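The values are calculated or read from the model by the stated rules, or taken from the named source; none is laboratory data. All of these numbers come straight from a predicted model, not from anything done at the bench. Here the Cβ positions follow ideal geometry from the backbone for every residue, glycine too, while neighbour counts run over all protein chains shown. Heavy atoms of the whole protein, side chains included, go into the accessibility calculation; ligands, DNA and RNA do not. Shrake-Rupley method; radii C 1.70, N 1.55, O 1.52, S 1.80 Å.
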Amino acid sequence: MKKFLRFAGEVKSWTCLSFTGAVVIYTLFDYVSYCLSPKTSAWFSLEGFLSRKISYRVLYPMLGLSICITLLQYVFFSGKVIKKMSYSLRMLLFGTLCFGVCVLFAACFGWFWLDHPGHWAAFIGIFLIAFGVFSLGFELYFRVMGQKYDAALGRSQKRQNCEESVNKQE
């Protein structure tokens with residue numbers, strides 16, 4: 001039960017991050033497309049920004065997509081399912097499966113016309129940019145956390161060595 005609760009906590013946290021990122025990306029692209037439309041007179045308008053809405057038709061599939069991608073993250077990066085695999089192979093497989101899940105959601109929920117090559121090009125471009133930004137963000141986060149843990153481990157080992165040398169002198 002303890003393992004399940006720990007798993008649920010991790011998945012919940014990762015899903016929140018993923019969903020927040022998806023909503024931010026959607027908001028940015030929606031607003032840019034709004035600003036580029038011929039009906040818009042100004043590049044930036046607070047009124048135009050605040051008038052944009054996200055429908056449940058978009059919101060719930062994004063939540064489902066976030067849950068699916070979070071489960072893939074758990075499989076590939078928690079170290080509890082896949083234990084021995086090179087990082088580059090993990091990223092390649094993870095990215096490929098994420099793309100497949102995104103295509104499935106796009107097809108099922110009609111995010112764009114599937115028979116239009118320009119829409120596919122935009123979809124692939126947005127996916128690659130988002131995947132790159134998220135990957136870079138996680139990489140930076142884990143490097144910073146790794147440095148903090150290494151520093152804490154170094155202080156702990158130094159303190160332990162000092163205590164051992166004091167105990168030997170007594």
Exactly one of V103, V58 is among the β-branched types (V, I, T) and either open to solvent by 30 Å² or more (accessible area, probe 1.4 Å) or touching a Ser or Thr at 6+ places or on another chain (Cβ under 9 Å) (or both), and that one is V103
Could you say which residue among C68, C16 is open to solvent by 30 Å² or more (accessible area, probe 1.4 Å), in a helix (DSSP H, G or I), at pLDDT 90 or above and not aliphatic (A, V, I, L, M)?
C68
Between a first residue in segment 117-141 that is at pLDDT below 90 and a second residue that is outside any helix (DSSP H, G or I), which pairs have beta carbons less than 9 Å apart while being 6 or more apart in sequence or on different chains?
H119/W111; H119/F112; H119/W113; W120/F112; W120/L114; A122/F112; F123/W111; F123/F112
Within segment 73-92, can you find the residues that are among the hydroxyl-bearing types (S, T, Y) and part of a loop (DSSP other than H, G, I, E, B)?
S78, S86
With the structure loaded, tell me whether F112 is in contact with a helix residue (DSSP H, G or I) (Cβ under 8 Å, 6 or more places away or on another chain), modelled with pLDDT of 90 or more and farther than 21 Å from S13 by Cα or whether it fails that test.
no
May I ask you to list the residues in segment 19-54 that are open to solvent by 70 Å² or more (accessible area, probe 1.4 Å), outside any helix (DSSP H, G or I) and modelled with pLDDT under 75?
P38, K39, S41, W43, F44
